[in-house]
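S.K.: I'd like to ask some things about the structure below.
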Number of protein chains: 2
Amino acid sequence: MDIIEDLRCIVGDAHVLTGKDAAFFGRDWTGAYEGTPLCAVRPGSTDEVAEVVKAAAAAGIAVVPVAGNTGLMGGTHAPGRIALSLERMNRVREIRPQARLAVVEAGVVLSQLHDAADQHGLVFPLTFGARGSARIGGVLGTNAGGSNVLRYGNTRSLCLGIEVVLPSGEVMDLMTELMKDNSGYDLRDLFIGAEGTLGIVTAAVMRLYAKPAAYATAMVAVPDLGDALDLLNTLQTATGGAVEAFEYMPRNYIDAHLAHDPAAKTPFARQYDHNIMVEIGATAPRDAEVAEDGTVPVQAQLEQALAHMIEDGRVLDAHVARSEAERRAIWARREIAGELTVAGGHSVITDVSVPLDRVAEFLDRAERAIAARDPDARSMVVSHLGDGNIHLTIWPTDHSEAQYDAMMEIVEEIVLDLRGSFSAEHGIGLGKRGSMARRKDAVAVAVMKQIKAALDPQGIMNPGKVLPD
Amino acid sequence: MDIIEDLRCIVGDAHVLTGKDAAFFGRDWTGAYEGTPLCAVRPGSTDEVAEVVKAAAAAGIAVVPVAGNTGLMGGTHAPGRIALSLERMNRVREIRPQARLAVVEAGVVLSQLHDAADQHGLVFPLTFGARGSARIGGVLGTNAGGSNVLRYGNTRSLCLGIEVVLPSGEVMDLMTELMKDNSGYDLRDLFIGAEGTLGIVTAAVMRLYAKPAAYATAMVAVPDLGDALDLLNTLQTATGGAVEAFEYMPRNYIDAHLAHDPAAKTPFARQYDHNIMVEIGATAPRDAEVAEDGTVPVQAQLEQALAHMIEDGRVLDAHVARSEAERRAIWARREIAGELTVAGGHSVITDVSVPLDRVAEFLDRAERAIAARDPDARSMVVSHLGDGNIHLTIWPTDHSEAQYDAMMEIVEEIVLDLRGSFSAEHGIGLGKRGSMARRKDAVAVAVMKQIKAALDPQGIMNPGKVLPD
């Protein structure tokens, strides 16, 4: 085809992949979305991205930007389309420690940015299980969340500037490094989270933070979720808001882990219903100075607070990590969530958020409603409890599409009733378009469509994603 | 006129003002923008706002939303138009202390929200001189900044949800209370900062924070701006990032204050060139417990840090407030900035930001360039130094428009060279449209215009603002 030749001219023969060579782009990692792209193209620069987009527009063939391809909602599904891979644009262009920022290309892997910041004693705080494969372009495209949103915000809060190739092939330069910039409409935040439907983010300025001088990380068992909120508020007050992660893993999650991995261990000698992983990051030096006996103030503080709550009966059991290896083991249990979800086979994957004080009510109502519909359905919960974000995965016994849809609707009804969101951090992609149509304010959806039509009149940019028909 | 009658039917006779009754809406507080509106209308509810917009659209008359009318850029200029005042929609609908949020109408005065939060031991951290008059609608419309952006971010960071009346008169419900919500394009942040050109924000969900249990507030004199950055970094490290305000007032600012107010005092017995106001907010209880001798740990910490820096020669003089009255006096000196700007007569008001480590270079280059053009021009600087935001006001000796324009261009050229922004926190309104045309990425401006045309095809919503022709 002519377009293939055009693309080869732009990026070089070696970087236009077809057939088996493009297999990576024909399937998402959950296995839920399959479809062979016309080809995959790997531009090496912003100019090449722009040329590819222009050639595709001229040929009337849609472009689907692909970064790490670790999404859960099918946002990179590209059957018969051009999969535009950002993998070669993988340079950390600059780390400016004094200004606490990194200038990166969109193909930089998340863990690569973690390492680059670490070399300067800084952190890029965004983190989640797929950090070894996910790339900045996808992180920005989906406004990714993860486990440290509680303290640092989501991707949008961590980004100062972006560069975007528009559907017209023009390059928009919003690469500001400023904390304050009110020069017109906030286009940056519009393109972040648009999942490549308005343009392709090719580079970004990301914020870095002082690396906590010490962490205190613990597993804690509580009687119920009300006590968990108590625990969070107590620790936030005691530390002046230094809680970095507050993750909920109920018994069904621990069971799924044990079933999946023969080497997996329970958090405590006996099993509890409600387990919390908490991490506190101490930035003030006096909280991190290791004493001669090896104690660290922030860890001692956490132990003391937990001991008080055990006396009160608000905490049943607790274990504070005493080494980096112990800390890593606690995190590993949490970060295997994605794998556990996929390993269980085709499921209803939900990614909802509700106000913090309604999480218990949500879980209780959802459990009862699922059981009423399908008494033998299996479900698993893992939650960024600190920001009300719950991942409830359901495996119905009846594998009909109708049953999957019904389960999704059951969950959404409860979420809507609690004024929550049906999409907290995974985005919409293909998988949640039905939910967008059913649950999102119709006026807002109409405005989104007006914006899409205005910026991409030809519908060339990742069409069919995010917005319902 | 028919439209006046229509409006009276919608909001009641008492709430459609014309002639002298509408004088407030014919002039901004700086006096730079004058123009009599067709009328001012004061709807009492979101439904009434929607009806007013529909009536205006039917009559083909533009609507200019007005909140506190304290802006500096002429964003509420409404000659021959309908000034839509939000002043009657002034209810704090709800404070939810556990969830740390407030649900407010757009006419709520900023200080009213401060008071409402305070009653629950919480703070709404956004603050600036006009807080007794500015209203939430304007704060959101301009994405207002102020003195606490360093710690809490600007208005956008403090807002969870909004309700908007669109140019069509439809009401868009984005009143989410969630920390994580990725359900489609980020319309909230698009409407925030759009200065009423895309729609009228009628209500919002704003974030509240734990009130610092104690403040340490000081005036500090430093040898130069490099030492000021040193001071900021030293204090951020020592406190784990608890610096709430870091404001720069050079000698020309102190002089302007002395000239304006006979009761004004210099910060120190002798005058220094470089004065900093710093405030630290202690949220961890142990930093705020008042000892028997009256000392407060956070204040003692600050004094100790400053004493060290005086020994090193990095600080010349310092005074830590010992009472709330002393703290208030330090703040009052900073908050009179707007008054000093207006009192000096017609001036070139700039509101620029540059990367933190380029502020000294900016000021040095600007001073020389201004003197080269007009050796007797007077200028005054005040700066939210902690986020690189500088307000440089210039009073040229030659009062021609050409001279004002030339001064603005001189400043903008330097800002652009340092990769800064010509508009940090005041917005664009009418006053900075020329700068938008000259300095903003042309591709970005084109995208903004596409969005404006798509959402407001009739051009009914605050036309002629923000976007250049």
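The values are calculated or read from the model by the stated rules, or taken from the named source; none is laboratory data. Values in this document were obtained by computation on a predicted structure and should not be read as measured data. Cβ sites come from the backbone with ideal geometry, for glycine too, and all protein chains shown count toward neighbours.
S.K.: Mind telling me which of the residues B:Arg151, B:Arg156 ends up being among the charged types (D, E, K, R), farther than 30 Å from B:Leu306 by Cβ and not in a loop (DSSP other than H, G, I, E, B)?
M.R.: After applying the criteria, what remains is B:Arg156.
S.K.: Moving on to the next point. Answer with yes or no whether B:Gln271 is more than 14 Å from chain A (Cβ to nearest Cβ) and more than 28 Å from A:Thr283 (Cα to Cα).
M.R.: yes
S.K.: So if I check each of A:Ala40, A:Ala55, A:Ala14, which one is out of contact with any helix residue (DSSP H, G or I) (no Cβ under 7 Å at 6 or more places or on another chain) and either assigned to a loop (DSSP other than H, G, I, E, B) or modelled with pLDDT of 95 or more (or both)?
M.R.: Exactly one of A:Ala40, A:Ala55, A:Ala14 is out of contact with any helix residue (DSSP H, G or I) (no Cβ under 7 Å at 6 or more places or on another chain) and either assigned to a loop (DSSP other than H, G, I, E, B) or modelled with pLDDT of 95 or more (or both), namely A:Ala14.
S.K.: So how many residues does the stretch A:437-469 have that are at the interface with chain B (Cβ under 7 Å from one of its Cβ atoms) and at positive phi?
M.R.: Of the residues in the stretch A:437-469, 1 are at the interface with chain B (Cβ under 7 Å from one of its Cβ atoms) and at positive phi.
S.K.: Among the residues that make up the stretch A:177-184, is at least one of them among the polar types (S, T, N, Q) and more than 30 Å from B:Thr197 (Cα to Cα)?
M.R.: No, the conditions are met nowhere in the stretch A:177-184.
S.K.: Turning to a different aspect of this structure: Consider only pairs whose beta carbons are under 8 Å apart and that are at least six residues apart or on different chains; among these, list those whose first residue lies in the stretch B:444-469 and is in the same structural domain as B:Leu72 (by TED's automatic domain parsing) and buried (at least 22 other Cβ atoms within 10 Å of the Cβ) and whose second residue is outside any helix (DSSP H, G or I) and not acidic (Asp, Glu).
M.R.: none
S.K.: Identify, from the list B:Glu425, B:Glu401, the residue that is crowded, with 18+ Cβ neighbours inside 10 Å and either in contact with a helix residue (DSSP H, G or I) (Cβ under 8 Å, 6 or more places away or on another chain) or more than 26 Å from B:Asp261 (Cα to Cα) (or both).
M.R.: None of the other options fit; the residue is B:Glu425.
S.K.: Taking the stated definitions as given, is A:Gly184 crowded, with 21+ Cβ neighbours inside 10 Å and not assigned by TED's automatic domain parsing to the domain that holds A:Phe246?
M.R.: yes
S.K.: Next question, about the same structure. State whether the residues of the stretch B:75-84 include one that is charged (D, E, K, R) and either surrounded by fewer than 22 Cβ atoms within 10 Å (Cβ to Cβ) or under 24 Å from B:Glu335 (Cβ atoms) (or both).
M.R.: Within the stretch B:75-84, none of the residues are charged (D, E, K, R) and either surrounded by fewer than 22 Cβ atoms within 10 Å (Cβ to Cβ) or under 24 Å from B:Glu335 (Cβ atoms) (or both).
S.K.: Then there's this: Which residues, counting only those in the stretch B:409-436, are over 24 Å from B:Asp357 (Cβ atoms), out of contact with any His (no Cβ under 6 Å at 6 or more places or on another chain) and more than 11 Å from chain A (Cβ to nearest Cβ)?
M.R.: Correct list: B:Glu409, B:Gly431, B:Gly434.
S.K.: So, of the residues in the stretch B:1-11 that are assigned to a helix (DSSP H, G or I) and touching a residue at least 24 places away in the same chain (Cβ under 8 Å), which turns out to be surrounded by the fewest Cβ atoms within 10 Å (Cβ to Cβ)?
M.R.: Filtering the stretch B:1-11 for residues that are assigned to a helix (DSSP H, G or I) and touching a residue at least 24 places away in the same chain (Cβ under 8 Å), the one surrounded by the fewest Cβ atoms within 10 Å (Cβ to Cβ) comes out as B:Asp2.
S.K.: On to the next question. Mind checking which residues of the stretch A:96-136 are closer than 17 Å to A:Thr176 by Cα, among the β-branched types (Val, Ile, Thr) and within 14 Å of chain B (Cβ to nearest Cβ)?
M.R.: Answer for the stretch A:96-136, where residues must be closer than 17 Å to A:Thr176 by Cα, among the β-branched types (Val, Ile, Thr) and within 14 Å of chain B (Cβ to nearest Cβ): just A:Val103.
S.K.: Go through (1) in contact (Cβ under 8 Å) with a residue 12 or more places away in the chain; (2) touching a helix residue (DSSP H, G or I) at 6+ places or on another chain (Cβ under 9 Å) for A:Glu367 and report which single condition fails.
M.R.: Of (1) in contact (Cβ under 8 Å) with a residue 12 or more places away in the chain; (2) touching a helix residue (DSSP H, G or I) at 6+ places or on another chain (Cβ under 9 Å), only one is false for A:Glu367: (2).
S.K.: Can you pull out every residue in the stretch A:221-255 that is over 24 Å from the mean Cα position of the chain (by Cα) and away from chain B (no Cβ under 14 Å)?
M.R.: Those that are over 24 Å from the mean Cα position of the chain (by Cα) and away from chain B (no Cβ under 14 Å): A:Ala221, A:Val222, A:Pro223, A:Asp224, A:Asp227, A:Leu231.
S.K.: Return the pairs, sorted by first residue and then second, in which the second residue is in a loop (DSSP other than H, G, I, E, B) and surrounded by fewer than 14 Cβ atoms within 10 Å (Cβ to Cβ), the first residue lies in the stretch A:264-279 and is touching a residue at least 40 places away in the same chain (Cβ under 8 Å), the beta carbons are less than 7 Å apart, and the residues are 6+ apart or on different chains.
M.R.: What qualifies is A:His274/A:Asp224.
S.K.: Every residue in the stretch A:67-95 that is in contact (Cβ under 8 Å) with a residue 60 or more places away in the chain and part of a strand (DSSP E or B), please.
M.R.: Once the filter is applied, which keeps residues that are in contact (Cβ under 8 Å) with a residue 60 or more places away in the chain and part of a strand (DSSP E or B), the stretch A:67-95 yields A:Ile82, A:Ala83, A:Leu84, A:Ser85, A:Arg93, A:Ile95.
S.K.: Look at the stretch B:428-442 and say how many of its residues are surrounded by 21 or more Cβ atoms within 10 Å (Cβ to Cβ) and not β-branched (Val, Ile, Thr).
M.R.: Total meeting the criteria: 5.
S.K.: While we're here: Any residue in the stretch B:367-383 that is more than 7 Å from every other protein chain (Cβ to nearest Cβ), surrounded by fewer than 24 Cβ atoms within 10 Å (Cβ to Cβ), in contact with a Pro (Cβ under 8 Å, 6 or more places away or on another chain) and of a type in the set (Asp, Glu)?
M.R.: The answer is yes, given that some residue of the stretch B:367-383 is more than 7 Å from every other protein chain (Cβ to nearest Cβ), surrounded by fewer than 24 Cβ atoms within 10 Å (Cβ to Cβ), in contact with a Pro (Cβ under 8 Å, 6 or more places away or on another chain) and of a type in the set (Asp, Glu).
Table: residues versus (1) touching a Ser or Thr at 6+ places or on another chain (Cβ under 9 Å); (2) closer than 22 Å to B:Lys432 by Cβ; (3) touching a residue at least 60 places away in the same chain (Cβ under 8 Å).
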{"site": "B:Leu140", "(1), (2), (3)": "yes, yes, yes"}
{"site": "B:Asn148", "(1), (2), (3)": "yes, no, yes"}
{"site": "B:Cys159", "(1), (2), (3)": "no, no, no"}
{"site": "B:Glu170", "(1), (2), (3)": "no, no, yes"}
{"site": "B:Tyr185", "(1), (2), (3)": "yes, no, no"}
{"site": "B:Arg188", "(1), (2), (3)": "yes, no, no"}
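Results for (1) within 7 Å of chain A (Cβ to nearest Cβ); (2) within 23 Å of B:Asn69 (Cβ to Cβ); (3) surrounded by fewer than 24 Cβ atoms within 10 Å (Cβ to Cβ), shown as yes or no for each residue.
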{"position": "B:Gly138", "(1), (2), (3)": "no, yes, no"}
{"position": "B:Gly145", "(1), (2), (3)": "yes, yes, no"}
{"position": "B:Tyr152", "(1), (2), (3)": "no, no, yes"}
{"position": "B:Thr155", "(1), (2), (3)": "no, yes, no"}
{"position": "B:Glu163", "(1), (2), (3)": "no, yes, yes"}
{"position": "B:Gly169", "(1), (2), (3)": "no, no, yes"}
{"position": "B:Met175", "(1), (2), (3)": "no, no, yes"}
{"position": "B:Leu178", "(1), (2), (3)": "yes, no, yes"}
{"position": "B:Phe191", "(1), (2), (3)": "no, yes, no"}
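S.K.: Looking at (1) touching a strand residue (DSSP E or B) at 6+ places or on another chain (Cβ under 7 Å); (2) without any contact (Cβ under 8 Å) to a residue 40 or more places away in the chain, which is the only condition A:Ala406 fails?
M.R.: For A:Ala406, the failing item is (1).
S.K.: Restricting attention to the stretch B:289-298, does a residue exist that is hydroxyl-bearing (Ser, Thr, Tyr) and within 14 Å of chain A (Cβ to nearest Cβ)?
M.R.: Checking the stretch B:289-298: not a single residue is hydroxyl-bearing (Ser, Thr, Tyr) and within 14 Å of chain A (Cβ to nearest Cβ).
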